[in-house]
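The structure under discussion appears below in the form of structure tokens.
The values are calculated or read from the model by the stated rules, or taken from the named source; none is laboratory data. These numbers were taken from a predicted model, which means no experiment stands behind them. Every residue, glycine among them, receives a Cβ derived from its backbone with ideal geometry; neighbour counts consider all protein chains shown.
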Amino acid sequence: MEIKKITILGGYGRNGEKEQVDQVDLGMGELLSVVGPTGSGKTALINDIGLFADEDTPSRRRILINDAAPSEDFLDDPAKNPIALITQHTGFLSDMKVSHFLDIHARVRKRGNPDSVVADILDFANQLTGEPIILDSTMTELSGGQSRALLIADAVIIGNSPIILLDEIENAGINLTRALEMLRKYEKIFIFVTHDPRITLSSDYRIVMKGGAMQDAITTSPEEKRIGEKVTDMDKIIVGLRDRISSGEHMLEKEFQAIMELVWLT
Amino acid sequence: MKLIMCAGPPTSGKTTVLRQVVRRLLKKGRRLAYLKVDVQFADEDELFRNELGIPAKKVYSGELCPDHASVLVLGDAVKWAEEQGTDLIVETAGLCLRCAPYIDGSLGIVVLEATSGMNLPRKIGAMLTLADIAVVTKIDLVSQAEREVFRANILDAAQIDVLEADALRGIGIDRLVRRIERAEDIKRPLILKGSPPVGTCTICAGKKNIGWEHHFGVLRTLDSDLFYRGE
């Protein structure tokens, strides 16, 4: 089934009042950010999407795919599920080898030759992590960052899902700028739950959450997109600093001053 | 009347699932009664009686195996429910991994938690393989990829329907409710689906010495197959 569009039909916030935003439509290739303070209902919103809510979750929202109620097959057969949801879990519970886990998952999602799929996933994931993931380690041995990197790679390559939901990947301990660059090579619908201005300002739209409800839906202006690029530059400087300190270098005030001036120039 | 038999390891969320199911079925106008079978303590009957207002009973199996106890009392419990014109929901103790409490013509539900380890489906035998539906709970605690691999491991062990739920928040329960509504009425005679393994041995009877040399009946050594010793 070709996915062209996903629709969120508003339900009710925690106070029982109807959500301000009653409908959000996203077309193929579009990026949406979900923003709002902790506890405002961001994760619940993407969980609603991931579960194809049909007025059967606490928010009473509904999700439509291509303007119609989603097929029950989406929930019963992972091979038909068009959504990959990357939750905030940074630990695995499965006491099995990475290679075995990926083998089974590739079989479940019916993705081509498992050997080449596993190699592709490892290659993708290891571009995002500090220390590379080793296929012979068990899932439970992976660090938080390695787990998230593996899940992102798994969603893109094994899931090959047209709709990808990512919950706060900025907290994942992975190289975020690299992750965004790699993800955007794929033509998909991306929905990010995020506190990160880089992600938000580079999205096409953002939903602002409050009290469990969708409070506002904002289209990113061209001006905001330009600001987003500057914020990304600023972040590169911070990441550069972080990497140097992490690798044991000493910092000098004079040098820091020069970096700050560079920031002002941009 | 419909007979719903629910099994599953302790803490897997059987009660939470059934509570959500009962609440929805009552709203749809179904009449229900609840029986809890447990070994030495249970207070779920009070919850179903007080919070949901349905007739509820509990049975302690004590020295008996709880699934054997369920076989003994279920005939009476079905009559009890029939007399009041209700369906019967039975929540079992969920301790034994060799027996299964399901009855021919009942709807057997096994509740498994997504966090319980990938090999669980292969460890629990008849409790899973003789069920009609597996409900996987606590899905909010694991990644989608792990959920999908866990589902595959269940389907490798048993060809049954798998439904995923976050029972605390009532997510995924409506689909289970629809399955229950479609379940057939029970027919007599009531017959247990699977045969329980041998239940009477010298260990059951209270002889506690360690080592097969001290016992009679069907025995085995560390390296041998089963053999019989006795009169």
**Prompt:** Just wondering, is there one or more residues in the range B:193-211 that are surrounded by 11 or more Cβ atoms within 10 Å (Cβ to Cβ), at pLDDT 85 or above and over 30 Å from the mean Cα position of the chain (by Cα)?
**Reply:** no
**Message:** With the requirement that a residue be part of a helix (DSSP H, G or I) and within 12 Å of another protein chain (Cβ to nearest Cβ), what does the range A:105-124 give you?
**Reply:** A:HIS105, A:ALA106, A:ARG107, A:VAL108, A:ILE121
**Request:** Identify all residues within the range A:13-43 that are crowded, with 16+ Cβ neighbours inside 10 Å, within 14 Å of another protein chain (Cβ to nearest Cβ) and over 18 Å from A:ALA84 (Cβ atoms); write none if there are none.
**Result:** A:GLY41
**Asked** In the range B:74-97, what residues are assigned to a loop (DSSP other than H, G, I, E, B), buried (at least 19 other Cβ atoms within 10 Å of the Cβ) and not β-branched (Val, Ile, Thr)?
**Response** B:ALA93, B:GLY94, B:CYS96
**Single unsatisfied condition, B:LYS57 versus (1) free of Cβ contacts under 8 Å to residues at least 60 places away in the same chain; (2) within 14 Å of another protein chain (Cβ to nearest Cβ); (3) in a strand (DSSP E or B)** = (2)
**Item:** Selection from the range A:83-104 of residues that are within 7 Å of another protein chain (Cβ to nearest Cβ), polar (S, T, N, Q) and farther than 24 Å from A:PHE192 by Cα
**Value:** A:SER94
**Fill in**
When B:GLN144 is run through (1) in contact with a Leu (Cβ under 6 Å, 6 or more places away or on another chain); (2) closer than 16 Å to B:SER12 by Cβ; (3) not acidic (Asp, Glu), the failure sits at (2)
**Request:** Pull up the range A:48-82, narrow it to residues that are among the polar types (S, T, N, Q) and in contact with a helix residue (DSSP H, G or I) (Cβ under 7 Å, 6 or more places away or on another chain), then point me to the one that is nearest to the other protein chains (Cβ to nearest Cβ).
**Result:** A:THR57
**Asked** Going by the conditions given, is A:MET209 in contact (Cβ under 8 Å) with a residue 12 or more places away in the chain, buried (at least 16 other Cβ atoms within 10 Å of the Cβ) and over 27 Å from A:ILE121 (Cα atoms)?
**Response** yes
**Request:** Pull up the range B:214-231, narrow it to residues that are assigned to a strand (DSSP E or B) and of a type in the set (Phe, Trp, Tyr), then point me to the one that is farthest from B:THR202 (Cα to Cα).
**Result:** B:PHE227
**Request:** Filter the range B:130-156 down to residues that are of a type in the set (Gly, Ala, Ser) and modelled with pLDDT of 95 or more and give me whichever is nearest to A:ILE86 (Cα to Cα).
**Result:** B:ALA134
**Asked** Scanning the range A:189-206 for residues that are crowded, with 22+ Cβ neighbours inside 10 Å and not in a helix (DSSP H, G or I), which turns out farthest from the chain's Cα centre (by Cα)?
**Response** A:ARG206
**Fill in**
Of the residues in the range B:117-160 that are part of a helix (DSSP H, G or I) and among the polar types (S, T, N, Q), the one that is nearest to the other protein chains (Cβ to nearest Cβ) is B:GLN144
**Message:** Yes or no: the range A:142-155 includes at least one residue that is of a type in the set (Gly, Ala, Ser) and not in a helix (DSSP H, G or I).
**Reply:** yes
**Prompt:** With respect to B:GLY230, is the statement that it is small (Gly, Ala, Ser), within 14 Å of chain A (Cβ to nearest Cβ), on the phi > 0 side of the Ramachandran plot and more than 19 Å from the chain's Cα centre (by Cα) true?
**Reply:** no
**Fill in**
B:ARG220 fails exactly one of (1) away from chain A (no Cβ under 14 Å); (2) crowded, with 19+ Cβ neighbours inside 10 Å; (3) more than 21 Å from B:PRO101 (Cα to Cα), namely (2)
**Prompt:** Is it the case that A:ASP103 is surrounded by fewer than 16 Cβ atoms within 10 Å (Cβ to Cβ), more than 18 Å from the chain's Cα centre (by Cα) and among the charged types (D, E, K, R)?
**Reply:** no
**Item:** Selection count, the range B:1-48, where residues are assigned to a helix (DSSP H, G or I) and without any contact (Cβ under 8 Å) to a residue 12 or more places away in the chain
**Value:** 2
**Asked** Taking the range B:98-114 as the search range and keeping residues that are in a loop (DSSP other than H, G, I, E, B) and in contact with a Leu (Cβ under 6 Å, 6 or more places away or on another chain), which one is surrounded by the fewest Cβ atoms within 10 Å (Cβ to Cβ)?
**Response** B:SER106
